[in-house]
Amino acid sequence: MLSRSSFTSLVVGVFAVYVAHTCWVMYGIVYTRPCPAAADGAAGGCVWPYLARRPKLQLSVYTTTRSSIGAESNIDLVLNVEDFDIESKFERTVNVSVPKKTRNNGTLYAFVFLHHAGILPWHDGKQVHIVSPLTTYMVPKPEEINLLTGESATQQIEAEKQTNALDEPVSHWRSRLTLNVMVEDFVFDGSSLPADVHRYMKMVQLGKTVHYLPILFIDQLSNRVKDLMVINRSSTELPLTVSYDKISLGKLRFWIHMQDAVYSLQQFGFSEKDADEVKGIFVDTNLYFLALTFFVAAFHLLFDFLAFKNDISFWKKKRSMIGMSTKAVLWRCFSTVVIFLFLLDEQTSLLVLIPAGVGAVIELWKVKKALKMTIRWQGLRPKFQFGAYNDSEKKTEEYDAQAMKYLSYLLYPLCIGGAGYSLLNVKYKSWYSWLINSFVNGVYAFGFLFMLPQLFVNYKMKSVAHLPWKAFTYKAFNTFIDDIFAFIITMPTSHRLACFRDDVVFLVYLYQRWLYPVDKSRVNEYGESYEEKSKKKS
C-alpha cells in the first residue's frame with residue numbers, strides 16, 4: 001500500500017499535470033495557426049475573409065414562432081440597422097410583439113441577418129444568419145410574504161400566477177440579445193480549419209479563391225437569470241435590448257468553448273440557475289482575472305481534497321478527546337448542516353452547495369467519533385451507546401462546560417432577538433424558510449463565538465498539540481481563497497461575510513500555536529512522542 005506521504009505526492013503530481021494540460025489546451029484555443037501560403041501571397045489552400053473587401057452591410061433582426069423560415073411571411077421585423085459598421089459598438093432597446101402562442105407557454109425565436117445593404121435577406125446569396133430563442137422555461141421564484149400579516153412583497157398578485165404550481169416551469173422572456181462579429185482579417189488554412197469556428201463559417205467561391213462570409217455570433221453567456229421576465233397572458237409587448245460589439249478570433253473561440261461547456265452542464269442536469277452561476281464567472285469577470293480565478297479554483301480544489309483527507313485521517317486514528325472541545329465539534333456539525341440546508345433553500349450554485357454537503361457528512365461522522373458513539377440495530381430500531389471518558393478527558397469537559405456557561409449568557413439572547421426581529425420585518429417564502437434563515441443568521445453572525453470554547457481549552461491546557469494542524473493549514477489556505485471567490489460566485493450576503501469571519505478565527509489559532517510551542521518530549525494521545533519517533537527512524 002502507498003504511504004500517506006507518497007499518496008499526497010501522487011495527488012499533487014496529478015494536479016500539476018492537470019494544470020499544465022489545461023494551460024496547453026487553453027493556448028490551443030486562443031491561438032490559431034494562419035495559412036502559411038498567405039504570407040507568400042499565394043491563394044492555394046487558404047480561406048480568405050470576405051470582410052477584407054469592405055462590403056456595405058445591413059443588420060436585420062426578425063422574430064417568429066417557428067424555428068426555421070423560408071420566406072418573409074409570418075415574421076416581424078423588430079430592428080433594422082442600415083449602414084451597419086462592424087467596428088462600432090451600439091445598444092438599442094425595442095418593443096417586441098408577443099404572439100398569443102408565446103403567451104400560452106410557447107417559444108419565440110429571433111432570426112438575426114447580416115446581409116448586403118438594400119437587399120432583403122432571403123434575396124441575398126451572401127447573407128449570413130443565426131437563430132436564438134428569446135424564451136426559456138424555468139420555475140418561477142416563490143412569492144415571499146410576511147408570515148405574521150400575510151402581506152406580499154408585491155401588492156398585486158395576478159390570478160394566473162396563483163393557479164401555477166410552484167414547481168411547474170413557465171415561459172420566461174430573455175430581455176437581452178448580444179451580437180458579435182469577428183472583425184479580424186484572418187486567413188485560415190483550409191486543410192486545418194478549427195472545428196469550433198468552422199460551424200459558424202459560410203464559404204463562397206469568388207474567382208479562384210475561397211472566402212468565408214462574416215462570422216456572426218450570439219453571446220448566450222450574456223443571457224442571465226436576473227434579466228429574465230415571466231411571460232403573462234396579458235403581456236402583448238416586451239422590451240428587448242439588442243447590443244453589438246466586435247470580437248477577436250481568440251476570444252470568439254474561447255467563448256464558443258465556454259458556451260458548449262455550459263450547455264454540457266445543463267445536459268448533465270444543471271438547472272438554468274446553476275448554469276447562470278457559471279456564466280457569471282465568465283461574463284462579469286475580466287479575462288485576465290478569469291485566468292487567475294481558474295488557478296485559484298484549481299488550488300482550492302486541491303486544498304479541499306487534502307483538508308478533507310487529513311481531517312478524516314486525524315479523526316480516524318483519534319482514540320481520546322483530551323484537549324478537544326466536544327461542544328465545539330457539536331456546534332460545528334450543527335452549523336455546517338444548517339448552512340447546507342440554508343444554501344439548499346436559497347437554491348445556491350452547486351459550486352457552493354456540493355462542498356457544503358460533503359463537509360456536513362464529515363462533521364456528522366466526527367460527532368460520532370467525539371461522543372464515542374456506537375450504533376447497534378435491534379431489528380429496524382437503532383440503539384445508541386456512548387463510551388466513557390477518562391479523568392483527563394473529564395478535565396477537558398470541565399473547561400469546555402465552563403466556557404459554554406459564560407458564552408450562553410451572550411449568545412442565546414442575541415439569536416432569539418435576531419429571529420424575532422426578522423419575523424416582524426423580513427418577508428419569507430414559508431415558516432421553514434424563516435426557521436432556517438434564523439438559524440443560519442445566528443451561525444453566521446455569532447458562529448465564531450462557538451470557537452471560543454476550543455480557544456479557552458487551549459488556554460487552560462497551554463497546548464495546541466491536540467489539534468489537527470495539517471487539516472487546519474489546508475483549511476486556512478482555502479479560507480483566504482474563499483475571500484476571492486466571495487466576490488466572484490453568487491451567494492447569500494451572510495455566507496459571503498462568513499468567509500471573512502473565518503480569517504479572524506484562523507489568525508487566533510495561529511497566534512496560539514506561536515504562544516504554546518509543541519513540547520517534542522511530551523507523549524500525545526496516540527502514546528507517541530516526536531523524540532521517540534526520531535530514535536526509531538535512526
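Across the protein chains, with a 1.4 Å probe defining accessible surface, the residues LEU510, LEU216 rank LEU510, LEU216 from largest area downward.
Exceeding 19 Å between C-alpha atoms, which entries from my cross-link table qualify? They are LYS366/LYS405; LYS317/LYS405; LYS316/LYS369. Check vs 19 Å cut-off fails for LYS366/LYS405; LYS317/LYS405. A Förster radius of 25 Å, combined with the Cβ-Cβ distance separating LEU265 from ARG199, puts the computed FRET efficiency at roughly 0.80. Take segment 236-325 with all the other protein chains still there, run a 1.4 Å probe, and you get 45 Å² of accessible area per residue. Distant-in-sequence amide contacts of VAL170, defined by a placed amide H-H separation under 5 Å and a gap of 5 or more residues or a different chain, comprise MET138, VAL139. Rounded to the nearest 10 square angstrom, GLU363 shows an accessible area of 10 square angstrom against a 1.4 Å probe.
At 1.4 Å probe size, with the rest of the protein present, what percent of the exposed accessible area of segment 292-335 is carbon and sulfur atoms? Reported share for carbon and sulfur atoms: 76 percent. Only protein heavy atoms count here; on that basis, with a 1.4 Å probe, TRP255 has an accessible area of about 20 Å².
The values are calculated or read from the model by the stated rules, or taken from the named source; none is laboratory data. Computed from a predicted structure; not experimentally measured. Note that each Cβ is placed from the backbone with ideal geometry, even for glycine, and that neighbours are counted across all protein chains shown. Just the protein is used for accessible areas: all its heavy atoms, side chains included, with ligands, DNA and RNA removed. Shrake-Rupley method; radii C 1.70, N 1.55, O 1.52, S 1.80 Å.
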